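Structure, as structure tokens:
The values are calculated or read from the model by the stated rules, or taken from the named source; none is laboratory data. Just so you know, these numbers come straight off a predicted model, no measurement behind them. Positions of Cβ are generated from backbone atoms using ideal geometry, with glycine treated the same way; all protein chains shown enter the neighbour counts. Note: areas computed on protein heavy atoms with side chains; ligands, DNA, RNA excluded. Shrake-Rupley method; radii C 1.70, N 1.55, O 1.52, S 1.80 Å.
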Amino acid sequence: MSGDERREQILAAARRVFAEGGYAATTDEVARAAHVSQPYVVRLFGSKRDLFLEVYRQAADTVVSTLTAAAAVPGATKESMGQAYLALIEDRDLLRLLMHGFIASADDEVGRVARHCLGESYRLYVERTGASDDEARQFVAFGMLLNVLIAVDAEAHRGEDAGMDGLVECVALTARRQAQA
């Protein structure tokens, strides 16, 4: 395996490990998941923070590039932007990693990446769809609600809590209405 391939293997493992354990996960856990030694991970990335930051940047860049691509299509609509985001949220590791990054945003650089991701999502929605500021805020807020529901695996736990069941049903109804629009 080439050095670049090994690096990508470690980044993929780090994405899964940090999605599961957040910033509290260790480089040893990443090394085990990537089937390499912990010193090798540190030699390639320098520190856990640097590794987390690189994986987090990749996740945030995926969100921004996906929304940018959806917004670049001539006649981009609110629905096409929404569909692009729905495609993103099928990757549960991506969502959980993003959520962990928001939590770890006390780190200046992680916070900068998190703010850019949210800000670009908002800006793209306004600029490319002609949405009002309030509509764009609702788009970002609804996306974050979907992230949280997926992160807590709400769908798999129906029947445990009436309030959560009501919220999941409300979100499903909203999503169906938007898809039919």
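In table form, for the structure just shown:
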read-out	value
Selection within region 89-115 - open to solvent by 60 Å² or more (accessible area, probe 1.4 Å) and in contact (Cβ under 8 Å) with a residue 40 or more places away in the chain	R92, I103
From the options A136, A172, A151, A162, residue that is at pLDDT 90 or above, surrounded by 11 or more Cβ atoms within 10 Å (Cβ to Cβ) and among the small types (G, A, S)	A136
Cβ-Cβ under 6 Å pairs, at least 6 apart or on other chains, region 43-54 side of a type in the set (F, W, Y), far side modelled with pLDDT of 95 or more and crowded, with 20+ Cβ neighbours inside 10 Å	F45/L51; F52/F18
Which numbered condition D61 fails, given (1) acidic (D, E); (2) open to solvent by 70 Å² or more (accessible area, probe 1.4 Å); (3) touching a helix residue (DSSP H, G or I) at 6+ places or on another chain (Cβ under 7 Å)	(3)
Residues of region 117-133 satisfying the condition of being surrounded by 15 or more Cβ atoms within 10 Å (Cβ to Cβ) and not basic (K, R)	C117, L118, E120, S121, Y122, L124, Y125, V126, T129, A131
Considering residues of region 89-121 that are outside any helix (DSSP H, G or I) and either in contact with a Ser or Thr (Cβ under 7 Å, 6 or more places away or on another chain) or of a type in the set (A, V, I, L, M) (or both) only, the residue farthest from V63 (Cα to Cα)	A106
Matching residues, region 124-145, being part of a helix (DSSP H, G or I), of a type outside the set (D, E) and free of Cβ contacts under 8 Å to residues at least 12 places away in the same chain	V126, Q138, A141, M144
Selected residue (only one of L53, L86 is open to solvent by 60 Å² or more (accessible area, probe 1.4 Å), part of a helix (DSSP H, G or I) and of a type in the set (A, V, I, L, M))	L86
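Residue by residue, here is whether (1) closer than 16 Å to R57 by Cβ; (2) open to solvent by 30 Å² or more (accessible area, probe 1.4 Å); (3) touching a Phe, Trp or Tyr at 6+ places or on another chain (Cβ under 9 Å) holds:
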| residue | (1), (2), (3) |
| --- | --- |
| D4 | no, yes, no |
| R7 | yes, yes, yes |
| R16 | no, yes, no |
| A25 | no, no, yes |
| D28 | no, yes, no |
| Y40 | no, yes, no |
